[in-house]
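Input: a single structure, listed below in structure tokens.
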Amino acid sequence: MPATQYAQLESVTRQMYEKEVVQQYVDEALFLNEFVDKKPGKWVNQKGYEITSEFSPDSSHGYISAGGANPAGGSRSRAKMYVGYARYRKTLEYDNDSLDDLMNGNQDMQLDFATDVQRCTASGIREAEEACWGDGTGIKAVVGTGSTTTSIVLTTTPTTTPFTSKGAEFLYENVPYDWYTSAGVFTEGNIRASAVTKGTSPTLTPASTLSGSPAATDILVLAGSYNKVHRGMRYLYGNGSGLKQGLLMSSFNELKTPQLDLAGAPLQPSDVLRLRNRIRYRSGVKSGKGMMIVGSITQIEAYNRTGFNFLQLGVGQNWDGVVNKSTMGGVTPMELTTCDEDTLWFINGDDIGKIEKMPWGFIPTKQGQIWHQKSGSNGTGADAQYATMGMNINLYTKRPNSGGVIVRASVSGLSTSSNSRS
């Protein structure tokens with residue numbers, strides 16, 4: 001008789017398996033969890049939040065001769081800024097059998113309902129974290145050169161537009177996106193991604209042929225989300241001529257945030273000192289007690305590399321060869337995977353605030369109902385349920401000249417999101 005082999009045992013052999021459903025994508029949200037969420041959210045109604053600013057002292061000044069006339073009284077320049085909230089939503093949808101299995105914790109299930117909700121929450125918070133570094137338009141990716149009607153090529157070359165260094169890092173398969181020009185002109189909607197290629201040659205493959213070929217600098221946003229996203233640092237700490245919280249920066253110069261554009265040059269410690277002092281000129285020498293420095297892993301690496309030549313090995317010491325800890329002007333930087341690879345942000349923690357009409361969670365009806373029956377094609381409902389999670393929040397700045405940002409620092413030869421996949 002031949003020896004019993006696996007072919008004879010396969011039908012009675014149980015598959016061994018990892019009990020955890022292993023997550024292969026990043027949903028880390030350090031900035032939101034460790035900074036934003038620790039700020040008390042100010043409740044607002046639909047009218048939003050108002051900030052009254054004073055832009056100049058009173059105009060009554062003058063030195064006089066004996067018996068001379070005193071200067072006339074003067075007024076101060078004041079104006080109001082306004083902040084509304086953004087509405088972020090996420091839907092959980094199950095057929096009734098699957099929802100029952102998840103909620104009852106069936107021993108044959110590798111996932112239970114609580115874990116599934118936790119994963120949905122984490123991905124939602126991650127999405128909000130990514131938006132913290134945008135400008136409120138909702139950009140998820142920026143088009144590069146060479147796109148066609150069947151393939152959208154994305155850029156990883158840093159510019160002053162949010163997320164040009166990220167390529168396809170914030171895009172996912174089966175998610176619908178809208179295509180806009182850089183000027184905000186709608187081109188095509190609900191472009192569902194049948195495939196997303198991340199890395200140094202990022203592309204999105206649309207499920208259906210596009211109406212045209214996207215041009216360089218065009219943008220992709222989540223379907224229906226353009227200009228509905230909470231404001232991020234590119235908006236709050238911008239220094240252009242457009243609106244900032246309802247006021248034109250071209251009319252109120254004090255609203256402009258100090259910036260340092262390296263135009264592709266490598267980051268140096270002197271750049272950190274230069275921007276810090278620009279901020280001090282704008283907000284005062286004694287300012288900056290609540291200053292945070294937040295940057296991409298890329299620029300923290302660039303900064304740490306400048307110290308390699310100063311490493312010394314003492315007798316009896318182990319050779320490490322790498323700068324493991326560093327500070328910038330006495331401040332330990334926060335490393336993130338979500339902000340642009342070319343940026344280093346100087347954020348005054350006392351300046352940034354949060355309004356919160358509704359914190360993150362399930363959104364019930366006024367009757368307290370969370371789960372809803374899906375509609376069916378016969379008008380009698382369907383054997384499935386859905387629930388909505390979300391939050392109504394926004395960020396605001398009280399003194400945008402008390403922070404700053406370094407942009408377009410070189411990423412050459414450094415670790416980036418895109419080349420981490422090489």
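Just one of (1) open to solvent by 80 Å² or more (accessible area, probe 1.4 Å); (2) at pLDDT below 75; (3) in contact with a helix residue (DSSP H, G or I) (Cβ under 8 Å, 6 or more places away or on another chain) fails for Met16. It is (3). Number of residues in region 79-96 that are open to solvent by 50 Å² or more (accessible area, probe 1.4 Å) and of a type in the set (S, T, N, Q) equals 1. The condition (being at pLDDT 85 or above and over 32 Å from the mean Cα position of the chain (by Cα)) is satisfied by just one residue among Ala72, Ala86: Ala72. Can you name every residue in region 159-183 that is in a loop (DSSP other than H, G, I, E, B) and either open to solvent by 30 Å² or more (accessible area, probe 1.4 Å) or on the phi > 0 side of the Ramachandran plot (or both)? Selection gives Thr159, Thr160, Thr161, Phe163, Gly167, Tyr172, Glu173, Asn174, Val175, Thr181, Ser182, Ala183.
Residues are listed down the side, and each one gets a yes or a no for (1) open to solvent by 50 Å² or more (accessible area, probe 1.4 Å); (2) more than 10 Å from Thr137 (Cα to Cα):
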site	(1), (2)
Ser211	yes, yes
Asp218	no, yes
Lys228	yes, no
Gly238	no, yes
Lys244	no, yes
Leu255	no, yes
Pro258	no, yes
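Of the residues screened, Arg76 is not one that is of a type in the set (D, E, K, R), surrounded by 13 or more Cβ atoms within 10 Å (Cβ to Cβ) and more than 21 Å from Asp350 (Cα to Cα). Reported count of residues in region 126-151, each being over 9 Å from the mean Cα position of the chain (by Cα), farther than 19 Å from Gly224 by Cα and surrounded by 18 or more Cβ atoms within 10 Å (Cβ to Cβ), is 2. Whether a residue is open to solvent by less than 50 Å² (accessible area, probe 1.4 Å), at positive phi and without any contact (Cβ under 8 Å) to a residue 60 or more places away in the chain was assessed, and Gly307 does not pass this test.
Residue count for region 30-58 satisfying the condition of being farther than 27 Å from Ser123 by Cα and aliphatic (A, V, I, L, M): 1.
If you go through region 243-289 and keep only what is part of a loop (DSSP other than H, G, I, E, B) and either closer than 12 Å to Val405 by Cα or touching a strand residue (DSSP E or B) at 6+ places or on another chain (Cβ under 8 Å) (or both), you end up with Gln245, Gly246, Met249, Phe252, Lys256, Thr257, Pro258, Leu262, Leu267, Ser287, Gly288. A single member of Thr115, Thr137 is at pLDDT 85 or above and either within 28 Å of Asp178 (Cα to Cα) or of a type outside the set (Lys, Arg) (or both), and it is Thr137. Within region 30-69, restricting attention to residues that are out of contact with any strand residue (DSSP E or B) (no Cβ under 9 Å at 6 or more places or on another chain) and in contact (Cβ under 8 Å) with a residue 40 or more places away in the chain, the residue that is most open to solvent (accessible area, probe 1.4 Å) is Asn33. Just checking, does region 297-308 include any residue being in contact with a Leu (Cβ under 7 Å, 6 or more places away or on another chain), among the acidic types (Asp, Glu) and not in a loop (DSSP other than H, G, I, E, B)? Taking every residue of region 297-308 in turn, at least one turns out to be in contact with a Leu (Cβ under 7 Å, 6 or more places away or on another chain), among the acidic types (Asp, Glu) and not in a loop (DSSP other than H, G, I, E, B). Are there any pairs with C-beta distances below 8 angstrom linking a residue in region 193-207 that is under 18 Å from Lys166 (Cβ atoms) to a residue that is acidic (Asp, Glu) and surrounded by 21 or more Cβ atoms within 10 Å (Cβ to Cβ), with the two at least 6 apart or on different chains, and if so which? From residues that are under 18 Å from Lys166 (Cβ atoms), the pairs are Lys198/Glu169; Pro202/Glu169. Of everything in region 342-373 that is open to solvent by 40 Å² or more (accessible area, probe 1.4 Å) and of a type in the set (Lys, Arg), the residue that is modelled with the highest pLDDT is Lys357.
Quick one: in region 195-209, which of the residues that are under 24 Å from the mean Cα position of the chain (by Cα) and of a type in the set (Ser, Thr, Tyr) is surrounded by the most Cβ atoms within 10 Å (Cβ to Cβ)? Out of the qualifying residues, it is Thr203. Just one of Thr187, Thr137, Thr149 is outside any strand (DSSP E or B) and under 14 Å from Ala216 (Cα atoms); which is it? Criteria check complete, one pass: Thr149.
With the checklist (1) at positive phi; (2) surrounded by 14 or more Cβ atoms within 10 Å (Cβ to Cβ) in hand, flag the one item Arg399 doesn't pass. Of everything listed in (1) at positive phi; (2) surrounded by 14 or more Cβ atoms within 10 Å (Cβ to Cβ), Arg399 misses just condition (1).
The values are calculated or read from the model by the stated rules, or taken from the named source; none is laboratory data. In this text, all values refer to a predicted model and were calculated from it rather than measured experimentally. Cβ: placed from backbone, ideal geometry, glycine included. Neighbour counts: every protein chain shown. Heads up: the accessible areas ignore ligands, DNA and RNA and are worked out on the full protein's heavy atoms, side chains in. Shrake-Rupley method; radii C 1.70, N 1.55, O 1.52, S 1.80 Å.
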